[in-house]
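Notes follow once the structure below has been shown.
The values are calculated or read from the model by the stated rules, or taken from the named source; none is laboratory data. All values reported here derive from a predicted model rather than from experimental measurement. For neighbour counting, all protein chains shown are included, and Cβ atoms are generated from backbone atoms with ideal geometry for every residue, glycine included. Note: areas computed on protein heavy atoms with side chains; ligands, DNA, RNA excluded. Shrake-Rupley method; radii C 1.70, N 1.55, O 1.52, S 1.80 Å.
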Amino acid sequence: MAQGNGEYDLVVIGAGPGGYVAAIRAAQLGLKVACVEKRASLGGTCLNVGCIPSKALLQSSEKFAEVSHGLERHGISAGKPKLDVAAMQANKDKIVSENTGGVAFLFRKNKVTAITGAARIAGIGKVEVNSGKPQTLAAKNILIATGSEPVPLPNVPVDEKRIVSSTGALCLDAVPKRLVVVGGGYIGLELGSVWRRLGSEVTVVEFLDRIVPAMDREIGQQLHRTLEKQGLKFRLATKVVGAEANKSGVTLRIAGAANGKTETLDCDVVLVAIGRRPHSDGLGLMEAGVAVDNAGRIAIDSDFRTSVEGIYAIGDVVAGPQLAHKASDEGIAVAEILAGQAGHVNYDAIPAVVYTAPEVACVGKTEEELKEAGVLYKVGKFPFTANPRARILGATEGMVKILADAKTDRILGCHIIGAEAGNMIHEAVVAMEFGASAEDLARICHAHPTLNEAVHEAAMAAGARAIHI
């Protein structure tokens, strides 16, 4: 990557989905931009050790599971499949390389200067980069987009061999006979699903009494039941108090969250996936006067400005859902604001997806949130069992659930568990972005046979007029 020179209109710290998108958009708008990234490759956690490689392994493991026991209904007999973990990992690495290389190409295309090194804010308008040959970049504006990192678990030291973070779980060279996942959130369930499909005995240990606690409870409960059918085991309301790793495996010490009763779990690999925290250390924030809360998140206003003039922040390092697409939207918005335009992010219409099988996707409010806020609402549901396309695919597990205001009929939330939920949710996202009602969605003609007909019927059900149930 290049050495910086001259003064920049914008220096972006971090080349993840927030930072690199902000850099490209700002350059498109005529700003002189540099982007500093400490990794040798661009793309941040998402492209290198997060969203992209995990979905590559999910896809591979789904194919393996389908060949193992999903083709007989079609009259296809493939025999017992053989797994080549090295080839699977090579495919994942190729996908990652293509994506990170694509960002590098886009930087060159848009004349964004990419600089490798660890960045530190040295004062207003100054960014120090330690890259073997230290340099100081002059910037009219600085954007912090450093993302997040795994939250460590006390007394469970990660060595990325026997006790791994999500990064290590993406790089296992063999299927562990027994895998314990600590944390019942998106990351733990996705990676647990990968290795379960490939033959591992997977146990999920979760401190709370439910998995995916931020999700609509009814949807979360159905996901729990479905994953249990697939062979995942769950230890809820259970905390991990320690771990001892040796050459042959790990002994995990666990205790009841309420009664404190202790026991041990023996396994080959432990995945610690209890969440992520803002990566804000080492940036010189305190010295620069940038306000940070107790969780390490940078405080910003509605225009992404920090407490220091000319310094902005976006993505996982600020408040809000830790999602790549949320960071990207913020990156575009802040670039447009810096160019004198009206950048904006609608935080009420940001979708989230869990890429298990079936997938789970949601946007807007859950039933629990609406009840707590005292909002009167109505519910429209439609099961995948009544959808012809789902029957054709052999994917009848799941449902669509739409929540609408009881008085105005405006859509307040949509929750889907089922095949292609991550694609289907965007119909509801668009509807909510434009303030649509459930009736608006119900009156849109949907092609037949498609999975999205389930969204159509759920919208109709909100008005007590679903046809196929």
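Structure values in brief
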{"quantity": "Options V112, V127, V151; residue that is β-branched (V, I, T), more than 16 Å from E7 (Cα to Cα) and either open to solvent by less than 20 Å² (accessible area, probe 1.4 Å) or touching a strand residue (DSSP E or B) at 6+ places or on another chain (Cβ under 8 Å) (or both)", "calculated": "V151"}
{"quantity": "So Y355, is it free of Cβ contacts under 8 Å to residues at least 40 places away in the same chain and closer than 27 Å to G331 by Cβ", "calculated": "no"}
{"quantity": "Failed criterion for A78 (all others in (1) part of a helix (DSSP H, G or I); (2) touching a Leu at 6+ places or on another chain (Cβ under 7 Å); (3) without any contact (Cβ under 8 Å) to a residue 12 or more places away in the chain hold)", "calculated": "(1)"}
{"quantity": "Near pairs, Cβ below 9 angstrom, 6+ apart or cross-chain, from the stretch 451-469 (polar (S, T, N, Q)) to any residue that is part of a loop (DSSP other than H, G, I, E, B)", "calculated": "N452/E420; N452/H446"}
{"quantity": "Scan of the stretch 195-240 for residues that are under 16 Å from the mean Cα position of the chain (by Cα) and over 28 Å from T262 (Cβ atoms), ordered by number", "calculated": "A214, M215"}
{"quantity": "Those strands (runs of 3 or more DSSP E) lying entirely in the stretch 231-270 with at least 3 residues touching a residue at least 12 places away in the same chain (Cβ under 8 Å) and open to solvent by less than 30 Å² (accessible area, probe 1.4 Å)", "calculated": "238-245, 250-256"}
{"quantity": "Count - residues of the stretch 185-213 that are of a type in the set (D, E, K, R), more than 23 Å from E66 (Cβ to Cβ) and either touching a helix residue (DSSP H, G or I) at 6+ places or on another chain (Cβ under 7 Å) or crowded, with 23+ Cβ neighbours inside 10 Å (or both)", "calculated": "2"}
{"quantity": "Residue identified as among the hydrophobic types (A, V, I, L, M, F, W, C), closer than 30 Å to V33 by Cβ and in contact (Cβ under 8 Å) with a residue 24 or more places away in the chain among A86, A65, A104", "calculated": "A104"}
{"quantity": "Cross-chain or 6+ apart pairs with Cβ under 8 Å, the stretch 162-187 first and closer than 17 Å to T264 by Cβ and part of a loop (DSSP other than H, G, I, E, B), then among the hydrophobic types (A, V, I, L, M, F, W, C) and open to solvent by 50 Å² or more (accessible area, probe 1.4 Å)", "calculated": "R162/A245"}
{"quantity": "Among (1) farther than 30 Å from L285 by Cβ; (2) more than 23 Å from the chain's Cα centre (by Cα); (3) crowded, with 17+ Cβ neighbours inside 10 Å - the single one S60 does not satisfy", "calculated": "(2)"}
{"quantity": "Check on D216, of a type in the set (D, E, K, R), at negative phi and open to solvent by less than 10 Å² (accessible area, probe 1.4 Å)", "calculated": "yes"}
{"quantity": "Pick from the stretch 436-460, criterion surrounded by fewer than 24 Cβ atoms within 10 Å (Cβ to Cβ) and aliphatic (A, V, I, L, M), ranking: nearest to the chain's Cα centre (by Cα)", "calculated": "A436"}
